[in-house]
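The values are calculated or read from the model by the stated rules, or taken from the named source; none is laboratory data. Since we're looking at a predicted model, the values are computed, not measured. Cβ sites come from the backbone with ideal geometry, for glycine too, and all protein chains shown count toward neighbours.
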Amino acid sequence: MDKFTLRLDNAIKAIDEADFIVIGAGAGFSAAAGLEYSGKRFDDNFQDFIEKYGVEDMYSATFYPYKTQEEKWAHWARHVYVNRYSVGKTKLYGQLLELVKDKEYFVLTTNVEHQFWINGFEDERIFATQGDYGLMQCEKTCHDKLYSNEDLVFEAIEKTEDCMIPSDLVPVCPVCGGNMEINVRKDNFFVEDEKWHEMSKNYYDFLQGIDESKNLVFLELGVGFNTPAIIRYPFEQMTYNNPNTTLIRLNRDYPQAIPENRDKTIGFDEDISEVFDYWLSRI
């Protein structure tokens, strides 16, 4: 048996025997599921923005200093449509659900494409800390209510011309009349609404309810060092502090365990889809 197969078997054994599974999903997991923000997918969907503004990938394009709200929302409508509304279910997220559906699980994710909900994970078990592409908020947080952008996005997609939407489509805050933003964490104005705080509590209640005598798995998927303090570092700390715990880390670039957790971590830098195909063949 080669070392890769041994790691695969040890990981699926830990998952099979787990009483609790905490999933931490980052951008690398969505990329592995097909939601890549660069390359052909970017070129195919944003050619007009590439030619006009010189943007190089979907992520950096969200920080481009568009001069008008008409330009900004033409871009955001396209971005949200491509990554939130046009994708549907994905194989990898569906495989993850199949892997954990009969377990006591909870999802902590920095991803904002709504894939956990789209693929059927239970709402009360998902804490999306960084927001959701399907929601808007007041740019200056004059109040903490969030608003669906679905109707706006679909109409804006139809009416975009020369990378701009009509002025009458530009959303304005219904309270202060100011500009609106997509509800993603990019500055200190990110809205944490009532639902956000409810799910934060659900997550911490789940952690507090874990019996230390039971088997616990932290399943970390595509989490690098963009925002490591949300998932990666806490998972390492909790793995170190808790007995009967295994950290399973899938990361193409950073699969390594910290020295203190070397004997409790199973790391993979192989293709995530290959790993999941093997695991699903074993259950």
Query raised in the report: Of these, Glu71, Glu122, which one is touching a Cys at 6+ places or on another chain (Cβ under 7 Å) and at negative phi?
Result: Glu71
Query - Test set (1) closer than 30 Å to Asp205 by Cα; (2) charged (D, E, K, R); (3) at pLDDT below 95 - Lys89 fails condition number - result: (3)
Requested in this report: Answer with yes or no whether Asn149 is surrounded by 17 or more Cβ atoms within 10 Å (Cβ to Cβ), of a type outside the set (Lys, Arg), modelled with pLDDT of 95 or more and more than 30 Å from Ile210 (Cα to Cα).
Outcome: yes
Query raised in the report: Is at least one residue of region 97-110 within 15 Å of the chain's Cα centre (by Cα), part of a loop (DSSP other than H, G, I, E, B) and crowded, with 19+ Cβ neighbours inside 10 Å?
Result: yes
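Per-residue answers, yes or no, for (1) farther than 18 Å from Ile21 by Cβ; (2) touching an Asp or Glu at 6+ places or on another chain (Cβ under 7 Å); (3) in contact (Cβ under 8 Å) with a residue 60 or more places away in the chain; (4) among the β-branched types (Val, Ile, Thr):
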| position | (1), (2), (3), (4) |
| --- | --- |
| Pro228 | yes, no, no, no |
| Glu236 | no, no, no, no |
| Pro243 | no, yes, no, no |
| Asn251 | no, yes, yes, no |
| Tyr254 | yes, no, no, no |
| Glu270 | yes, no, yes, no |
| Trp279 | no, no, yes, no |
Requested in this report: Return the residue satisfying two criteria in turn: it lies in region 163-213 and is of a type in the set (Ser, Thr, Tyr) and more than 16 Å from Ile126 (Cβ to Cβ), and of such residues it is modelled with the lowest pLDDT.
Outcome: Ser213
